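Notes for the one structure printed next.
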Ligand SMILES: Cc1ncc(COP(=O)(O)O)c(C=O)c1O
């Protein structure tokens with residue numbers, strides 16, 4: 001009797017070697033791949049619908065299908081030219097960590113099942129707390145991304161400050177916050193009508209006067225204002241709210257202060273970032289996305305909570321068939337601080353690169369991105385007709401060509417058609433269509449930013 005689901009040593013080596021050859025070729029070709037390649041990709045996707053396979057196919061042909069047909073028909077999200085949305089990275093070392101974590105498949109939902117491995121992941125959370133400037137007693141948990149981190153943060157705040165009957169509770173944010181915050185609040189039980197989206201100033205930061213007024217008005221009307229959410233780097237224009245002022249308003253009103261730092265919080269590693277994010281350490285909860293500004297593969301977010309006990313109080317529930325939960329503050333059961341029980345060992349993908357390199361190369365990368373966006377903006381200003389609409393506060397900027405939206409849509413289309421970079425647009429609160437540049441990836445360096453500038457210059461020239 002042979003068991004195909006249990007490969008022997010030779011077969012395992014073959015599986016990894018064949019995949020590795022193609023992975024290396026793929027990664028080495030990232031700089032020459034088109035920044036996006038999705039013409040006809042949805043039509044192609046439809047041809048892939050098929051019934052449950054009864055018999056297997058050759059491994060090599062499956063790999064060839066993936067690397068030749070499926071993977072190339074995408075945005076090249078791990079490539080140097082991806083300056084769209086908020087770029088991810090795809091650190092190769094994390095991919096190796098994932099292979100190890102998945103292959104050993106230890107159980108990290110409860111501490112008793114693999115205490116040492118759980119501790120490695122708990123260390124990662126502690127390091128993030130240290131980066132954020134949080135004191136002892138802070139804690140958190142790694143999530144699959146910023147959206148679930150926002151959800152965990154809002155649920156923790158709700159349970160800390162509101163009764164079970166919480167529908168009079170109201171939440172405050174700017175109209176520029178990432179929509180995953182409103183979605184998180186809604187999934188946490190709040191009708192969208194309880195979320196106050198406030199106007200921003202000319203630098204796209206929440207207006208504190210509007211916030212003060214809204215809270216006072218709601219109190220008069222019998223609502224219970226309980227949570228203020230600040231942005232530490234909006235997706236649209238990269239704006240960082242005045243976090244110190246928000247912390248002050250939250251304190252005065254005995255409200256929870258939550259910060260969406262999915263994109264921006266890790267800039268705390270840099271001096272310029274710390275200046276821009278002043279006040280973040282006063283937040284009751286912060287989210288950050290290592291799959292953005294620590295360059296990790298998609299699927300790695302984090303929520304940090306200043307008082308770890310609130311996180312545990314919100315999520316803890318015991319059942320008789322589980323092993324005993326940890327009672328010391330030092331040790332953590334991830335199922336006690338998150339909605340999940342079984343989960344992947346996602347901490348290893350952060351732990352391995354941080355232990356291998358230390359934090360220094362990550363800080364250097366973020367500093368390089370801060371320099372690159374300044375270079376991009378200086379050069380853009382020299383192009384006749386271009387105006388910078390959002391000065392970079394971290395590493396995102398937005399610009400437009402003087403003229404109407406149609407002209408700017410055409411400009412974006414011309415830039416992206418060259419396929420060396422991929423840029424995406426957004427619409428400002430005043431309705432204007434603008435083109436964004438987000439420099440985040442560890443694979444984006446000066447040469448690619450100069451290619452982008454050449455392509456913008458050439459596109460503008462074609463249109464004049
Ligand atoms: C500022 C900000 N917050 C939250 C999110 C949501 O994070 P995720 O996509 O990891 O769920 C994003 C994502 O792109 C973001 O840019």
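The values are calculated or read from the model by the stated rules, or taken from the named source; none is laboratory data. Owing to the predicted nature of the structure, the values given are computational and were not obtained by experimental measurement. Every residue, glycine as well, gets a Cβ built from its backbone with ideal geometry; the counts of neighbours run over all protein chains shown.
Are any residues in the range 221-252 outside any strand (DSSP E or B) and away from the ligand (no atom under 16 Å from the Cβ), and if so, which ones? Within the range 221-252, 221, 222, 223, 242, 244, 245, 247, 248, 249, 250, 251, 252 qualify.
Residues considered: 111, 129. Of these, the only one that is on the phi < 0 side of the Ramachandran plot and over 25 Å from the mean Cα position of the chain (by Cα) is 111. Yes or no: the range 304-321 includes at least one residue that is closer than 26 Å to residue 114 by Cα, within 16 Å of the ligand (Cβ to nearest atom) and modelled with pLDDT of 95 or more. Yes, there is a match, as at least one residue in the range 304-321 is closer than 26 Å to residue 114 by Cα, within 16 Å of the ligand (Cβ to nearest atom) and modelled with pLDDT of 95 or more.
Condition check ((1) assigned to a loop (DSSP other than H, G, I, E, B); (2) in contact with a helix residue (DSSP H, G or I) (Cβ under 6 Å, 6 or more places away or on another chain); (3) at pLDDT below 95; (4) surrounded by 24 or more Cβ atoms within 10 Å (Cβ to Cβ)) across all residues:
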{"residue": "189", "(1), (2), (3), (4)": "yes, no, no, no"}
{"residue": "197", "(1), (2), (3), (4)": "no, no, no, no"}
{"residue": "254", "(1), (2), (3), (4)": "yes, no, no, no"}
{"residue": "272", "(1), (2), (3), (4)": "no, yes, no, no"}
{"residue": "286", "(1), (2), (3), (4)": "no, yes, no, yes"}
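In the range 347-427, counting only helices (runs of 4 or more DSSP H) that sit wholly within it, the ones holding 3 or more residues that are surrounded by fewer than 16 Cβ atoms within 10 Å (Cβ to Cβ) and without any contact (Cβ under 8 Å) to a residue 12 or more places away in the chain span 360-381, 405-417. Candidates 289, 284: the one that is within 25 Å of residue 256 (Cα to Cα), more than 16 Å from the ligand (Cβ to nearest atom) and under 23 Å from the mean Cα position of the chain (by Cα) is 284. Here the condition is being at pLDDT 95 or above, out of contact with any strand residue (DSSP E or B) (no Cβ under 7 Å at 6 or more places or on another chain) and farther than 18 Å from residue 292 by Cβ; of 387, 410, 364, 368, it holds for 410 alone.
Residues of the range 140-163 being surrounded by 23 or more Cβ atoms within 10 Å (Cβ to Cβ) and more than 16 Å from the ligand (Cβ to nearest atom), which ones? If the condition is that a residue be surrounded by 23 or more Cβ atoms within 10 Å (Cβ to Cβ) and more than 16 Å from the ligand (Cβ to nearest atom), then 156, 157 are the ones that fit. For the range 1-68, no helices (runs of 4 or more DSSP H) sit wholly inside it while including 3 or more residues that are exposed (fewer than 11 other Cβ atoms within 10 Å of the Cβ), at positive phi and out of contact with any helix residue (DSSP H, G or I) (no Cβ under 8 Å at 6 or more places or on another chain). Which one of these is surrounded by fewer than 19 Cβ atoms within 10 Å (Cβ to Cβ) and either more than 20 Å from the chain's Cα centre (by Cα) or within 23 Å of residue 148 (Cα to Cα) (or both): 235, 203, 170? 203 is the lone residue from the list that is surrounded by fewer than 19 Cβ atoms within 10 Å (Cβ to Cβ) and either more than 20 Å from the chain's Cα centre (by Cα) or within 23 Å of residue 148 (Cα to Cα) (or both). Within the range 239-252, being within 22 Å of residue 437 (Cα to Cα) and touching a helix residue (DSSP H, G or I) at 6+ places or on another chain (Cβ under 6 Å) holds for one residue alone: 240. Looking across 176, 182, one residue alone is surrounded by fewer than 24 Cβ atoms within 10 Å (Cβ to Cβ) and either away from the ligand (no atom under 12 Å from the Cβ) or assigned to a helix (DSSP H, G or I) (or both). It is 182.
For the range 69-85, the set of residues classified as surrounded by fewer than 16 Cβ atoms within 10 Å (Cβ to Cβ) and under 21 Å from residue 425 (Cβ atoms) consists of 74 only.
A residue that is in contact (Cβ under 8 Å) with a residue 60 or more places away in the chain and away from the ligand (no atom under 13 Å from the Cβ) can be found somewhere in the range 195-202. For the condition at pLDDT below 95, over 29 Å from residue 321 (Cα atoms), buried (at least 16 other Cβ atoms within 10 Å of the Cβ) and within 16 Å of the ligand (Cβ to nearest atom), residue 88 qualifies. Mind listing whichever residues of the range 258-270 are closer than 13 Å to residue 132 by Cβ and either more than 16 Å from the ligand (Cβ to nearest atom) or part of a helix (DSSP H, G or I) (or both)? Answer for the range 258-270, where residues must be closer than 13 Å to residue 132 by Cβ and either more than 16 Å from the ligand (Cβ to nearest atom) or part of a helix (DSSP H, G or I) (or both): 265, 266, 267, 268, 269. Kindly check whether there is at least one residue in the range 106-129 that is buried (at least 22 other Cβ atoms within 10 Å of the Cβ), within 16 Å of the ligand (Cβ to nearest atom) and under 18 Å from residue 351 (Cβ atoms). Yes, there is a match, as at least one residue in the range 106-129 is buried (at least 22 other Cβ atoms within 10 Å of the Cβ), within 16 Å of the ligand (Cβ to nearest atom) and under 18 Å from residue 351 (Cβ atoms).
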